[in-house]
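Structure first, then comments.
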Amino acid sequence: GGLAIVPAFAVGRTQEMMMTLMNSGLDIYLDGMGWAVNRHYMNMPDYLQSPERLSDAMNQIRVIRNPGDRKSLAHHPIVVITTSGMVDGGPVLDFISERRNDKNSAVLLTGYQVEGTNGRMLMDTGELKLGNVPVKVQCELGFYDFSAHADHNELIKFIKGCAPEEVVLCHGENRIALANDLREDGFKVHMPKEGQLIDF
């Protein structure tokens with residue numbers, strides 16, 4: 001009878017969750033940026049392993065299109081796949097805010113939660129920040145390892161294969177080590193701070 005909240009990264013993980021859950025018989029909704037990403041994916045079917053499967057999932061899963069729908073659906077027994085995957089912003093916070101004291105509801109994390117994110121805080125302490133205020137979440141918490149991150153050597157191999165003129169490392173567990181190895185291989189590497197602009 002509760003709400004199952006599935007935080008997911010808009011690119012890749014949302015689509016994976018949609019295809020994993022699509023034939024479950026559950027009432028599933030999609031909220032957040034994943035909906036726009038789906039449209040972009042479907043415009044490039046040659047790059048998808050199974051565009052038919054993603055299309056089937058898109059036809060089975062309903063889309064939440066506005067905050068009013070989000071508010072009303074937050075009190076129904078449904079599954080919501082929503083951004084952000086690390087619970088730091090986006091619609092996921094609205095859903096958790098509405099149901100955080102409901103022990104029948106659940107937050108089901110599906111990806112790696114970086115240190116310092118709301119998702120990691122939720123995993124470690126059962127709390128997260130809503131408007132910079134730590135609050136206890138009474139929902140059931142679950143973690144399912146769907147992580148698809150490449151490791152250090154796989155990232156280097158990928159970058160070498162792309163042969164870019166410059167590399168921008170936005171986040172990661174150890175950007176400095178990766179940047180150093182890439183620089184040794186002759187790449188120009190940027191590691192921007194939040195809000196920093198880089199001109200190319």
Report the extension gain between K103 and I176 in nm, rounded to one decimal, defined as 0.36 nm multiplied by the number of residues separating them, less their alpha carbon distance. 22.1 nm
With +1 assigned to the C-beta of every Lys and Arg and -1 to the C-beta of every Asp and Glu, and no other charges, what is the dipole magnitude of the chain about the Cα centre in debye, to the nearest 20? 540
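Within segment 86-200, what percent of beta bridges assigned by DSSP are antiparallel, to the nearest 5? Can you show the working numbers first?
Details: 4 of 11 bridges.
Taking every DSSP beta bridge within segment 86-200, about 35 percent pair in antiparallel fashion.
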Quick calc: nm separation of the 7 Å Cα→Cβ label points for M44 and H149 -> 2.3
Using a Cα distance threshold of under 30 Å, what count of lysine pairs results for the chain when pairs must be 8 or more residues apart or interchain? 10
Extension gain I198-R183, at 0.36 nm per residue separation less the Cα-Cα distance, in nm? 3.6 nm
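So, by mean Cβ neighbours within 10 angstrom, what's the order for 44-55, 121-132 with the highest one leading?
Values: 44-55: 11.4, 121-132: 14.7.
The most tightly packed comes first, giving 121-132, 44-55.
Against the empirical 2.2 N^0.38 Å scaling, what ratio does the C-alpha Rg of segment 95-200 come to?
Taking N as the residue count of segment 95-200, the ratio is 1.42.
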Taking a virtual spin label 7 Å from the Cα of D56 along the C-beta vector, which residues in segment 19-40 bring their backbone nitrogen under 11 Å of it? 19-20, 22-24
Counting only protein heavy atoms and leaving out ligands, DNA and RNA, the solvent-accessible surface of D69 at a 1.4 Å probe, in Å² to the nearest 10, equals 60
Could you check how many percent of all C-alpha pairs in segment 1-69 are farther apart than 14 Å? 57
Taking the chain as a Gaussian network, where each spring joins two C-alpha atoms under 10 Å apart, which residue of V79, V133, V92 fluctuates the most? V133
Give the separation of the Cα centroids, segment 67-108 to segment 44-64, in Å. 23
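Can you tell me the relative contact order of the chain? Whole percent, Cα pairs under 8 Å, sequence separation 6 or more. Please list the in-between numbers first.
Values: 314 pairs, mean separation 44.2, N = 200.
With pairs under 8 Å counted, the relative contact order is 22 percent.
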As an exercise, find the ratio Rg/Rh for the chain from alpha-carbon atoms, using the Kirkwood inverse-distance average for Rh. 1.01
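The values are calculated or read from the model by the stated rules, or taken from the named source; none is laboratory data. These numbers come from a predicted model, not from an experiment. When we count neighbours, we look across all protein chains shown, and the Cβ atoms used for this are built from the backbone with ideal geometry, even at glycine. Accessible surface areas use protein heavy atoms only, side chains included; no ligands, DNA or RNA. Shrake-Rupley method; radii C 1.70, N 1.55, O 1.52, S 1.80 Å.
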